[in-house]
1. Can you confirm whether Arg56 is open to solvent by 50 Å² or more (accessible area, probe 1.4 Å) and free of Cβ contacts under 8 Å to residues at least 24 places away in the same chain?
2. Hey, among the residues in region 49-63 that are in contact with a Ser or Thr (Cβ under 6 Å, 6 or more places away or on another chain) and hydrophobic (A, V, I, L, M, F, W, C), which one's farthest from Phe3 (Cα to Cα)?
3. Exactly one of (1) among the β-branched types (Val, Ile, Thr); (2) open to solvent by 50 Å² or more (accessible area, probe 1.4 Å); (3) at pLDDT 90 or above is unmet by Ile87. Its number?
4. Could we say that Ile6 is open to solvent by 90 Å² or more (accessible area, probe 1.4 Å), in contact with a helix residue (DSSP H, G or I) (Cβ under 9 Å, 6 or more places away or on another chain) and at pLDDT 80 or above here?
5. Counting only residues that are out of contact with any strand residue (DSSP E or B) (no Cβ under 6 Å at 6 or more places or on another chain) and within 13 Å of Ile70 (Cβ to Cβ), which one in region 18-60 is modelled with the highest pLDDT?
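The values are calculated or read from the model by the stated rules, or taken from the named source; none is laboratory data. Keep in mind it's a predicted model, so treat the numbers as computed, not measured. All Cβ positions, glycine included, derive from the backbone under ideal geometry; neighbour counts span all protein chains shown. The area values use the complete protein model at the heavy-atom level, side chains included, leaving out ligands, DNA and RNA. Shrake-Rupley method; radii C 1.70, N 1.55, O 1.52, S 1.80 Å.
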Amino acid sequence: IDFDQILENVKDLNVLAGEGTSQIEHTPGGARLRQAEPLSFTLYQNGIITFNGTFRPYEDPSTQQCLQDIMDGYFPSELQARYPDGI
């Protein structure tokens with residue numbers, strides 16, 4: 001696993017997702033600026049944790065698919081169910 005490449009691609013994906021930008025959220029009395037909630041992604045020597053969930057070892061097929069998506073420069077396909085309209 002190329003951790004340096006994963007970290008570089010995550011940085012690039014964060015920029016695409018609008019890291020550091022605010023969005024307008026309409027409220028009954030007007031509007032306010034809101035920043036997107038960050039997604040938690042923690043790399044360990046032997047696995048990952050996403051969304052503050054359970055530990056996922058690198059041998060797990062879903063973990064391998066998640067990391068392969070990131071290595072290919074894409075958002076993990078497992079995020080599609082959680083964010084059907086995109087991140």
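1. Here the answer is no, as Arg56 does not meet what is asked.
2. Let us first name the residues in region 49-63 that are in contact with a Ser or Thr (Cβ under 6 Å, 6 or more places away or on another chain), namely 49, 51-52, 56.
Subset that is hydrophobic (A, V, I, L, M, F, W, C): 49, 51.
On the way: Ile49: 15, Phe51: 19 Å.
So the residue we want is Phe51.
3. Only one criterion in (1) among the β-branched types (Val, Ile, Thr); (2) open to solvent by 50 Å² or more (accessible area, probe 1.4 Å); (3) at pLDDT 90 or above is unmet by Ile87, namely (3).
4. Numbers: open to solvent by 90 Å² or more (accessible area, probe 1.4 Å): no; in contact with a helix residue (DSSP H, G or I) (Cβ under 9 Å, 6 or more places away or on another chain): yes; at pLDDT 80 or above: yes.
No; evaluated as a whole, the condition is false for this residue.
5. Filtering region 18-60 for residues that are out of contact with any strand residue (DSSP E or B) (no Cβ under 6 Å at 6 or more places or on another chain) and within 13 Å of Ile70 (Cβ to Cβ), the one modelled with the highest pLDDT comes out as Leu43.
Quick grid of which residues meet (1) free of Cβ contacts under 8 Å to residues at least 40 places away in the same chain; (2) open to solvent by less than 80 Å² (accessible area, probe 1.4 Å):
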site	(1), (2)
Val10	no, yes
Ser22	yes, yes
Pro28	yes, no
Glu37	yes, no
Thr42	yes, yes
Thr50	yes, yes
Thr63	yes, yes
Met71	no, yes
